[in-house]
Amino acid sequence: MTEAHTVGAAEAGRTADPTTRPRSLAGDAWRDLRRNPIFWVSLILVLVVTAMAIVPGLFTPNDPLDCTLSRQHAGPSGAAVFGYDFQGCDVYARAVYGARASLLVGVLSAALTGVIAVVVGMLAGYFGRWVDAALSRVVDIVLGIPLLLAAIVLLKRIDSDNPTVRIGAVVFVLAILGWTTAARVIRSSVISAKQQDYVAAARMLGAGNGRTMWRHILPNSLAPVIVVLTIALGSFIAAEATLSFLGIGLRAPTVSWGIDIDSGRTHMRESAVPLVVPSTFLALTVLAFIMLGDAIRDAFDPKLR
Amino acid sequence: MQVRRLAAWTALPLAAALGLAACGGGDSGESNANGVVSVQIGEPQHLIPTNSNESSGNQVLSALFTPLVKFDAQNKPYEVAAESITSTDNKVWTIKLKDGFTFHNGEKVTADSYINAWNYGAYGPNGQGNSYFFEKIAGYDDMQAEDPDGDGPQRAPEPKAKTLSGLKKVDDLTFTVTLSKPYSEFKAVLGYNAFYPLPQAAFSAPGVLKEDFEQAPIGNGPFKMKGTWQHDAKIEVERYDAYPLDKPKISGAEFRIYQQLTAAYADVLSDNLDVIVTVPTENLSTAESDLGDRLQKSPNSSFQFIAFPTYQKEFSNPDVRKAVSMAIDRDEIVKSIFKDSQVSARSFVSPVVAGYRDNTCGEACEFDPAKAKALYQAAGGPAQLKITYNGDGGHKDWVDATCNQIKANLGIDCVGVAEPKFSDLLTKIKAKEPVGLIRMGWLMDYPSMENYLGPIYSTNGSSNYYGYSNPEFDQLVADGAAAATPEEAIKKYQQAEEILAKDMPVIPLRFGQNVFAHSTKVKNVEVDLFQVVDMTKIEAVS
Amino acid sequence: MFRYIVRRLLQMVLAFFGTTLIVYALMFAGQGDPIQALAGERPVSAAQRAYLTEKFHLDQHGVGGFFYRYADYVTNLLRGDLGESLTGRKIGDILAQAWPVTAKLALIGLLVAIIIGVTCGVVAGIRRGGVFDNATLVLTLLVLGVPTIVLAPLAQYLLGVKLSLFPPTAGADPSLYALLLPGIVLGCLSLATALRLTRTSVAENLRSDYVRTAKAKGLPTRRVVGVHVLRNSLIPVITFLGVELGNLMGGAIITEGVFNIPGVGFNLFRAIRTEDGPLVVGLVSVLVVVYLVSNLVVDVLYAVLDPRIRYE
């Protein structure tokens, strides 16, 4: 949501009187948002998933690690609403407990990716010339490094079983190699925004580089990169499973949607439920973030008034 | 990215085509002698007989070459390319060859074809993977060089000899093999593909193999190469008309290379591929309904177990190891995870070798949660266990299930930890890192109890990665190898196995089976103990 | 513009060696025991170890050893020799086999993303909030909730095995038709991203000042959208697609595995797993050229799409 505030403040900067700007625009936006059902639905979804990540015990009394083969693929019952998976674990309980790792990996990787991408893309696009040459070649070099190679080299060294350490390491690797597409996209929007009349106007009025980038160009260049990042959020969650499967990602007893989707896939012809449940949780979470982003952006966009 | 590698196993399957069990199923239809069948393999590592030691390469070589001996239904060796293999003292063996064998280039197969091939394989600097098969032959040590500084910059000096002093040509069709020590089961060892002959045409100079020989190997077998090895795609062979023994019932075969078994399985379902040698575990539960009686099983030599690294002191009490073993319900895992494609193991040697006895492990392999828990607590086992496995072998499901059982039955914590690949696991073991229990597997080189004991539990065993050492055990295995008759050897080996049952250095879990399937276009598909399809028996249906 | 391109080509050389140096360093740093990795679970004899160590200079340790091996790679490369993989095959041969099939596969994936993704994205962007727009959102979520790892085997089973519409696997030398299903599967995630990206860009540009100006001037909507909006909206989209071309080539590991295509992704995966340094660097050498060239083409296209963008 921080991007949204930036957008709001920045948009305000060029449309309204400096003394009154933050309140009126934010106030307008809030009034808009309150009336927008999509905003409420997505906000509630995000809050529910976040609550699941923080206190999973509120959502299910069952232990996701209590598995026994005698219950393999047993159907739904009072004890387990979605039944049991291949190992005889409660499908629903695992999806609830998987929220923490998956949300952390997805959101943190996307956020870190966004920060790197915005800084690099903005500087390269805005200054052009040798700054662009240097930064863009860095992008090219990072693009050429296979994720799997870097992940194996960097993560193999981490021997800790501590879930926080492992999640942090996975986030680091995904972000450090995953920011390039977003950086190229934001660079492209900056290059294109730089040509707009209002930028020229702002500069003529004496706005410095920093102010021009931050207040005028960034807000108008964010839309595409937000799209790339929300989708990346979903694929980061899936990528974590790949790393975990290879033994360099998260480790048992940490539960995650990615890991469960992966093992659900192997047995999908026997029972699809253990695959569908974590997939749905993942899709709904991404949906929530996409809608929330859309709603907030619209609310703050003066052009829509 | 979860590429399930075609199982890269511990050991070295034999190429001998073996007429074992596989019942033909309810095949019908006319046999078509002009048919071509396709068989799934992985990309072979090598197609040089002395360098190929995984089942894909061995499958191709088994079509191109004929071994000296094959194995009968009791897994006893019988002569094929050899006329006779005899010895009076188990030390000097006389091998007489059948007349009439020619290589695919027309060259006659002679005693020299064998001697040259074996010398090449045994010579250390050639770096052949099957070199160790020749170590029982006199003069082997002189062909190896000791690197003065391990992997360091100094080059190893040239070995003392370039040929095995134990190999002597008698006449064109006869030669003798002198072993450094008597070994009663040498005849069975000769079934492995390391002992195939090579034609003169394979060598560019004496002892120097032509660089591109393995792109189109020339053998003495029922099929010859059609074109060259098309890497990552296929290897095609066609019937060799001058073959002196029973001719194949098809005109040729295509060994199609698959990266993933699931892809091959999909192709068999749609009749795009004729034979899949290993039905992937994830398809087992639906395979029966997908394929009906085209899904078949036959015994193989694989053995799955869990080992305890000896450097981790918390496992040093045999009672701890025994308690863990008793907490595992093998039958439930075999049924639920493997859908009965493997069988529970309660012995240390596979049922496919002579001398196997059921349940030598005794009480330690009986599932008894109450006793296990009491024993574990009394022995002071650790409060947390982990089972480390290689993530590329499809082991996650059963390791997790085993851990869940241990957790429930011993009331302790247990997690399965994946390492990217087996060599990473070995690196950790060498560095004496606390890896916990380790997942192991074994395939035999030749049908003998010794092969299930020596390499994996002797103090200097080549695959004894976990450091088990018991001088009494070593002595019994050595005594067995030196025994005058196979029967006496088996007695010694059985005594050695009893020591294992007492010490429990590993927990036996399962014996494998071939679970293979074929399309509607072939019949008479048989897969032998070494996971190789018998290419002389398979028939195409028109 | 010409001078800009020449300058970029010179920078490319630097970027090329930068990437290969880093990849070489990563392989070197991550090297556990490549000889054992090649052997799988089988024990490796001392003689075999000595033979392979010498053949591939694996005994060159430390920083000196690293530069020795990298220099070795560069000199051989300049002579046109990519060297030999640890499996003994010529890397040139492996590349010659893997690249054509992967290029075809990636182009199919990219075409799917362009044709379906961009078209639907434009429509969704114009009718923002409509039924069609929401349908594309659902499609996006489906692609994310059903990742390639699920989609590929599912498509293979349903369309390949059950309905027999496509061959279930493609193999090493496939027809274009056999590559269609894997190409579509591969292109799905790119499709979703391209679609959302186009939609957002179009929607954004439709509200911009110049569209209002153009409309005020009385230009027909069709022309405004077709010429002005689309041109500007395409800038982020082609940027994304330019990068995605390389991603599709190097990252098709799952798709190539499921459909048994021995392409670049699969070879890269295998080479990384077996610590086959020379092969990894060989594959990456070509991959990085793809990224460099497609990014250059995209940058040049900016100036075509928006004449106000100039390169000096």
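Only the coordinates and a few stated rules stand behind these numbers; no lab work does. Since the structure is predicted, the reported quantities are computational estimates derived from the model, not experimental observations. Every residue, glycine among them, receives a Cβ derived from its backbone with ideal geometry; neighbour counts consider all protein chains shown.
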Segments B:435-441, B:212-218 sorted - mean Cβ within 10 Å per residue, highest first: B:435-441, B:212-218
State, as an integer percentage, the relative contact order of chain C based on alpha-carbon contacts under 8 Å between residues 6 or more apart. 27
Take peptides B:367-376, B:40-49, B:403-412 and line them up by average Cβ neighbours within 10 Å, highest first, as a rough protection proxy. B:40-49, B:403-412, B:367-376
Tell me the angle of helix A:218-246 to the major Cα principal axis of chain A, expressed in degrees between 0 and 90 and rounded to the nearest ten. 20
Listing A:Leu233, C:Leu186 from the residue with the fewest other Cβ atoms within 10 Å to the one with the most, what is the order? A:Leu233, C:Leu186
Can you give the net charge of the other residues whose Cβ lies under 15 Å from the Cβ of B:Gly381, counting K and R as +1 and D and E as -1? +4
May I ask for the distance between the Cα centers of region B:470-542 and region C:18-56, given as a whole number of Å? 32
Taking only Cα atoms, what is the 0 to 90° angle, nearest 10, from helix C:2-29's long axis to the longest principal axis of chain C? 50
Taking Lys and Arg as +1 and Asp and Glu as -1, residues besides A:Ala95 with C-beta under 14 Å from its C-beta add up to -3
Where the centroid of each part is defined by its Cα atoms, how far is region C:122-188 from region A:206-222 in Å? 40
Sequence gap at least 6, Cα distance under 8 Å: using those rules, report the relative contact order of chain B to the nearest whole percent. 23
Among B:Tyr265, B:Leu209, B:Ser463, which residue has its Cα furthest toward the positive end of the charge dipole of chain B, with +1 on Lys/Arg Cβ and -1 on Asp/Glu Cβ? B:Ser463
Per residue of C:23-30, other chain Cβ atoms within 10 Å number on average 4
Qualifying GluC sites (Glu not before Pro) in region C:221-305, DSSP loop, other Cβ atoms within 10 Å at most 13: none
Using Cβ contacts closer than 10 Å as the measure, can you line up A:Leu246, A:Leu43 from fewest to most? A:Leu43, A:Leu246
Theoretical ellipticity at 222 nm over the protein assembly as shown - DSSP helices of four or more residues, -39500 (n - 2.57) apiece, nearest 500: -16000 deg cm²/dmol
Give the relative contact order (percent, whole number) for chain A; include only Cα pairs under 8 Å separated by 6+ residues. 28
Can you tell me what share of the DSSP beta bridges in the protein assembly as shown is antiparallel? A percent to the nearest 5 is fine. 75
What order do you get for B:Thr86, C:Thr255 when you list them from fewest to most C-beta neighbours inside 10 Å? B:Thr86, C:Thr255
Between the alpha carbon centres of region B:423-462 and region A:235-292 the gap in Å comes to 34
